[in-house]
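Here is the structure we will look at.
The values are calculated or read from the model by the stated rules, or taken from the named source; none is laboratory data. Computed from a predicted structure; not experimentally measured. Here the Cβ positions follow ideal geometry from the backbone for every residue, glycine too, while neighbour counts run over all protein chains shown. These accessible areas exclude ligands, DNA and RNA; they are computed on the full protein's heavy atoms, side chains included. Shrake-Rupley method; radii C 1.70, N 1.55, O 1.52, S 1.80 Å.
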Amino acid sequence: PPCVCCPPAVTSPCKILKCNSEFWAATSGSHHLGAEEAPEFCTALRAYAHCTRRTARTCRGDLAYHSAVHGIDDLMVQHNCSKDGPTSQPRLRTLPPGDSQERSDSPEICHYEKSFHKHSAAPNYTHCGLFGDPHLRTFTDTFQTCKVQGAWPLIDNNYLNVQVTNTPVLPGSSATATSKLTIIFKSFQECVDQKVYQAEMDELPAAFVDGSKNGGDKHGANSLKITEKVSGQHIEIQAKYIGTTIVVRQVGRYLTFAVRMPEEVVNAVEDRDSQGLYLCLRGCPANQQIDFQAVRSAQATEGRARRKGPSLPAPPEAFTYETATAKCREKLPVEDLYFQSCVFDLLTTGDVNFMLAAYYAFEDVKMLHSNKDKLHLYERTRVLSPGNTAPTGRHPALWVALLCLCWLCLL
């Protein structure tokens, strides 16, 4: 048989040695049998393949890893094993007596961070958030304002799916906000059963749809838990087996979403060609993105028309640019893209709850983002055609707004 067990250097962050040892521990004495005589061998082999996929990012340059991957494929063919089916349960490590906290967290494989050994590099975490009208911050810290009306996938990988549904804030309005959120945690080895969480407008449950608050009946069920922070307003889901934290809030009538997830989990995708609409990874399609500056220019023109003629009265809850700016500054003193989003949403919807949505979205970033130097994001100067110029600096959108205001004052 091919070599599937060549150990890497001890100091390597690649965890292929752990995958190898688990496979041989699970198959000792049975690897010479055919699949029809020892179906557990195919089960263990599928678990081995799953383990190598989890460590793929840190093992790209490791020859032992590539040898194992090719060896697994060969063994699958030799023993007529299907790639689909159950995976074996790794042997549980012995826990010290009385260590109830460790036992409640279940075996090592059900605690992502604990599965990293002393010689392994710490995992890199990423963040994605969706809030307001809606505004999207992707795993790569790209910030977009989108239309995306209807149902759209936020996350879709080997471990979980997240889908949001966005509906118009007002009848006939182009402004949309998140009215429904569905999260599917896929069954994972001995850790958790498949669980579905669903929230809608005016309904933010503190349990999965089956009424449970953890991962089910498996040994590692407590590696997936829901905690209610504020009744009907704020829940947090900890998925320790994949190192992931999800925060869902209801602010006003609409929902916000934020997640902290390891890069390894983010990139755990079987078919990358099918991930084109995975918003947290790819961002919104170009035809669904809204240009901040163009909308502000239209709002400034509309405001001038209202001033010149009484036939266009402002609705009671309408904000001017000045009052929206002042309101947003109460909660968001730094004029970054969260502040800009707040101003945009108040001008678009007239609903002060959108200011709170931007505020809480930034609070979630402070809690979940691993790089504290990247908490604030600033709008980049737009690329203009040759011969045109644009104001430089960190807030070009503010310059546009100020120029519009100055122009209006001269009329």
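With bins 5 Å wide beginning at 0, the percent of Cα pairs of the range 108-282 falling in each bin runs 1, 8, 17, 21, 20, 16, 9, 4, 2, 1, 0, 0. Average accessible surface for the range 108-282: 38 Å² per residue, computed with a 1.4 Å probe over protein heavy atoms with every protein chain in place. Surface composition of the range 215-261: carbon and sulfur make up 38 percent of the accessible area, probe 1.4 Å. Relative contact order of the range 152-261, taken over Cα pairs closer than 8 Å and 6 or more residues apart, is 18 percent. For the range 108-282, a crude dipole built from +1 on the beta carbon of Lys and Arg and -1 on the beta carbon of Asp and Glu, taken about the Cα centre, is about 340 debye to the nearest 20. A straight chain from Ser173 to Asp73 at 0.36 nm per residue would run longer than the Cα-Cα distance by 30.7 nm.
When the Cα positions of Thr348, Leu332, Leu375 are compared along the charge dipole of the range 315-375, Leu375 comes out farthest toward the positive end, with charges on each C-beta of Lys, Arg, Asp and Glu.
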